[in-house]
Amino acid sequence: MIPYILYSALILTVCLVFYKLLLQKETFFHLNRFVLLSCMALAFILPLVPVPQQLSFRKIPVEKHITVAKTSVDNSKTKQLKEQSVQPTLVEQTREFINIESFTKLLVYLYWFGVIIFGLNFLMQAILLLYRAYSKSVIQDGKFRIVEITGDKAPCSFANNIFINPEKYEWETYNQILLHEKIHIEQKHTIDLLLAEVVLVFQWFNPFAWQWRKALETNLEFLTDDQMLQQDAVEKESYQFSLLKVAAPQFPLSLTTNYNQSLLKKRIIMMNSKKSNVHTTWKYFFLVPIMVLFACLFNQPAAQSQTLSSKEKEKQEGQSNIQNGMETEGNWFATIKGNTVNVQFKSNENDNSNSTFQLDEFKDLPRDKQGTFTLTREAGTMTFIGKFEGDKGMGTYKFTANKGYGTVMNKEGIDLEDDEDFMVFFMINVKQSYVQMLKKKGYNNLDKDQVIPLAALDVNEAYITSIKQAIPDIDLDNLVPFKSLGIDKAYIEEIRKSGYKDLSPGNIIALKSQGIDAKYIKDFHSSVNSKRNNKDADDADDDVIAFKSLNIDQAFIDSFKKIGYNDLSNDDLMALKSLNVTPEYINSFEKAGYKNIKTEDLFALKSLNVTPELIVQYKDLGFNDLDLNDVVGAKAVGATPSFIKSMKGKGHDFKNLDKYISLKAVLGN
C-alpha cells in the first residue's frame, strides 16, 4: 500500500510541476480544467494499470508456489510455470521487508491516522455547509438557492447554493456576485473542489497535493472570470472594481467556490492578459509521453505466457503437481496406463489434485479385492487402502511424514514446518542428494520455496553445469524460467554469436519469450543503422525485443523507404508501428497536396485521427491553403467542421480557422 500511495504522490507532483511550468499561464481555461482533473484521476489509476512486458523497465518476479491443476503433471506444470513471470522472486525482498516490518507498520498507522483526521474534517465541512444552506433564509431563483448570511464574510457557492450577505453590497456589485456564482454552479465547479478535497484526504502528507488544490481553484476562478467578461452586461473595469470591493480575508470553507483575496491580483492580471495562441496547444501533448514513461518505469509488468516444447513436456513426464493445502488424508481414484499410474487425490469437494507415478513404485497392488499398498519416498510414506478392478481403482489414502527426513533437510537449511510441506516434497520426490547437488553448485542459502520449482522442472546437475558454462554467475531464480522456456547452452551461444551484447539472464529470458533467435537478430542489425539512430550497441540491442513484439520486419521498413522515408530511426519505426501509420495513410495526404510530411507531424495527425477527408471538409467551409498544423490544432481543441457550421449558424462567420479554434478553446465543451 505504501508504494502505491507514494507512487500516486509522485505522479501528482510531476503533473503539478508540468502544469506550473507550461500550462498555468495559458488562457485555455477549459482545457486546463480537464488536464487538472485528468491528472488527479490518473495519479490514482495509473499505478494500478499493468504494462506489456516488452515496454516495462521493471523486472517481473517469479512466484514461488506451484499450483496443482486437475490434469496430469505434463500439462498442468507446464501451464502453471509458463504463466509465471520470468524474473527473480520476491523472496529476498520479503526478507528485507520483515527486517523493517515494525517501521512500515508505524508508517501505515500514521498514514491512516491522517486519513481519518482529514476525512472527518471533510465530512464536518460538508455537514456544516448543508446545515447553513437549509437553516437560514433562502431566496429561490430558479434552480439557484440564494442563502442570506450575516457578518463580514465573503460570498461563496456550494452545489446550487449561493451564500451572500446582501446588506454589504450595492445593487450592481450584488448582481455581479450572483452572476459570478451562478457560472460556478452552472459549470459544476463544486464537483472539482470535492474531488480535490478527497485527494487531500488520501494525500494529506503531500505538500504538492495542497498546491494542486490551489491550482485547481485558481483555474476555476480564471474560467469564471473569462465567462463573466463575455457577458454583454458586464464591463471589465466595473467587474474588476467589484472584485476589489468583495474580496475579504475571511476565507469560507475549502469546499466552496469563493472570493479569495490572495488570488485577486492573479485574476486581474489574467483578465488583462493576451489570449493564448492555439499553436501553443502542443504543450498539452507532452503529458501523454510523461504518463507512459511513468507506467513503463514503475508499473507492474503484465505476465507473459510462454509455451514449452513437446520435448520439455516429455522431460516432465512422471513428475507430480502439488497444491498448497492438500490434505494428508482423503480419497483416491487411479487409472493404470501402461507403465504409469495416474492418481487423483480428493480430500473434499474443492480440493482435487492429479499426479502421475511410475507403476513399479507401487508394490502388491490389490486386484479385485480390498487391500493395502504403499508408496515410499524419502519425505514419507503414502498408504493406500482400496482395490483395483482391471485398470481402475479407488479407496482412501493417508500420508505419514518421515521426521528423520525433516531433520536432515533442516541441517541443509530447508525448514519443513508441517506435514503439508513434507507432502509437497514427497509428491515432487525431492531427495537429500538433490539439495546437496545444488549446494555443490554454489547455491548455499536455499529455502523450500526455491527447491520446489527447481525439482518440479527437473533442473538437474547436467543442466545447471551446461548453463553455468555459458553464464557462470546465474542464480537459482533465473534457472526456473530458463528451464521452463527451454533455454539451453546452445541457445545462449547462438545469441552470443549473433552479435547481441547484453547477455544478462533477464535479456535472454525476454529474447526467448518473444521467440527471437540468432537469425532474427542478424536480420535486425542488417536492417537498421545504430549510428544513424544515435544509439550504442546495448541500446540498439534493446530495440530487438521491441521490434519483435511490434512485428516490425524488413518489409515494413522497406515500405517506408519506397515513399522516401530512408532515414527513419528505430524510435520512429516503433512509433509508426504502434500508431498504425502506414504508407497508404501517408500517400493519402500526398494525393491531397501535402508532401514530405515530417514524422513528428505524422504522429500528431494519426493520434488525432486527422484524414484528408477531414481537410476537405474544412476546405468546403471556405478555408483554403490549410497548413497541417492548423488542422491538428483545430482537431485538438474540438473545432470540428460541425462545430464551425453551428457557429456560422449563430452569426459567427470568420474567414480564418484560427478564430474558430480560439472560440472553441474559450467555450470549451
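The values are calculated or read from the model by the stated rules, or taken from the named source; none is laboratory data. Computed from a prediction, not measured in an experiment: that's the story for all the values here. Note that each Cβ is placed from the backbone with ideal geometry, even for glycine, and that neighbours are counted across all protein chains shown. All accessible areas refer to the heavy atoms of the entire protein, side chains included, with ligands and DNA or RNA removed. Shrake-Rupley method; radii C 1.70, N 1.55, O 1.52, S 1.80 Å.
Scan the stretch 181-221 for residues that are of a type in the set (F, W, Y) and open to solvent by less than 20 Å² (accessible area, probe 1.4 Å) and jot them down. Talk me through it step by step, then tell me what you get.
Here is the first cut: in the stretch 181-221, the residues of a type in the set (F, W, Y) are 202, 204-205, 208, 210, 212.
Hit for the stretch 181-221 is W212, nothing else.
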Inter-residue pairs, beta-carbon under 6 Å, first under 16 Å from S588 (Cα atoms) and in the stretch 615-637, second open to solvent by 30 Å² or more (accessible area, probe 1.4 Å) and of a type in the set (D, E, K, R), 6+ apart: L628/D601
Breaking point among (1) at pLDDT 50 or above; (2) within 30 Å of L479 (Cα to Cα); (3) outside any loop (DSSP other than H, G, I, E, B), for R58: (3)
When residues of the stretch 158-180 are limited to those that are in contact with a helix residue (DSSP H, G or I) (Cβ under 7 Å, 6 or more places away or on another chain) and among the polar types (S, T, N, Q), the one most open to solvent (accessible area, probe 1.4 Å): N160
Pairs, first closer than 18 Å to T190 by Cβ in the stretch 28-49, second of a type in the set (V, I, T) and crowded, with 21+ Cβ neighbours inside 10 Å, C-beta under 8 Å, six or more apart: M40/V199
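Here is a yes/no grid of residues against (1) at pLDDT below 90; (2) touching a Gly at 6+ places or on another chain (Cβ under 9 Å):
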site: Y585; (1), (2): no, no
site: E600; (1), (2): yes, no
site: F603; (1), (2): yes, no
site: Y618; (1), (2): yes, no
site: N624; (1), (2): yes, no
site: V631; (1), (2): yes, no
site: A639; (1), (2): yes, yes
site: K648; (1), (2): yes, no
site: H652; (1), (2): yes, no
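Take the stretch 289-301 and flag every residue that is in contact with a helix residue (DSSP H, G or I) (Cβ under 8 Å, 6 or more places away or on another chain) and either open to solvent by 40 Å² or more (accessible area, probe 1.4 Å) or over 21 Å from Y4 (Cα atoms) (or both).
Step one: of the stretch 289-301, the residues in contact with a helix residue (DSSP H, G or I) (Cβ under 8 Å, 6 or more places away or on another chain) are 290-291, 294-296, 298-299, 301.
Within the stretch 289-301, I290, F298 meet the criteria.
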Residue satisfying condition, being surrounded by fewer than 16 Cβ atoms within 10 Å (Cβ to Cβ) and more than 27 Å from F547 (Cβ to Cβ), within set N629, N596: N629
Which numbered condition D541 fails, given (1) open to solvent by 20 Å² or more (accessible area, probe 1.4 Å); (2) in contact with an Asp or Glu (Cβ under 6 Å, 6 or more places away or on another chain); (3) at pLDDT below 90: (1)
Hits in the stretch 475-495 - residues which are free of Cβ contacts under 8 Å to residues at least 40 places away in the same chain, in a loop (DSSP other than H, G, I, E, B) and closer than 18 Å to K441 by Cα: D488
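Being among the aliphatic types (A, V, I, L, M), in a helix (DSSP H, G or I) and in contact (Cβ under 8 Å) with a residue 24 or more places away in the chain is the filter here; which residues of the stretch 541-572 pass it?
Taking the stretch 541-572 first, the residues among the aliphatic types (A, V, I, L, M) are 544-546, 550, 552, 555, 557, 563, 568.
Okay, now just the ones that are also in a helix (DSSP H, G or I), so 544-546, 550, 555, 557.
Residues satisfying the conditions are V544, I545, A546, L550, I557.
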Total residues in the stretch 262-313, condition within 28 Å of the chain's Cα centre (by Cα), among the hydrophobic types (A, V, I, L, M, F, W, C) and modelled with pLDDT of 70 or more: 14
Selected residue [at pLDDT below 85 and of a type outside the set (F, W, Y)] from I495, I521: I521
Neighbours by Cβ (under 6 Å, 6+ apart or cross-chain): first from the stretch 392-418, within 28 Å of T340 (Cα to Cα); second assigned to a loop (DSSP other than H, G, I, E, B) and open to solvent by 50 Å² or more (accessible area, probe 1.4 Å): Y405/E378
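Restricting attention to the stretch 350-383, report how many residues are touching a residue at least 40 places away in the same chain (Cβ under 8 Å), over 14 Å from F426 (Cβ atoms) and open to solvent by 50 Å² or more (accessible area, probe 1.4 Å).
Here is the first cut: in the stretch 350-383, the ones touching a residue at least 40 places away in the same chain (Cβ under 8 Å) are 352-356, 358, 377-380, 382.
Applying the additional criterion that residues be over 14 Å from F426 (Cβ atoms) yields 352, 354, 356, 358.
Filter once more, keeping what is open to solvent by 50 Å² or more (accessible area, probe 1.4 Å): 358.
Counting residues in the stretch 350-383 that are touching a residue at least 40 places away in the same chain (Cβ under 8 Å), over 14 Å from F426 (Cβ atoms) and open to solvent by 50 Å² or more (accessible area, probe 1.4 Å) gives 1.
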Verdict on K522 being open to solvent by 30 Å² or more (accessible area, probe 1.4 Å) and either in contact (Cβ under 8 Å) with a residue 24 or more places away in the chain or not in a helix (DSSP H, G or I) (or both): yes
Top-ranked residue in the stretch 136-157 [being touching a residue at least 40 places away in the same chain (Cβ under 8 Å) and surrounded by 15 or more Cβ atoms within 10 Å (Cβ to Cβ); ranked as farthest from D226 (Cα to Cα)]: K153
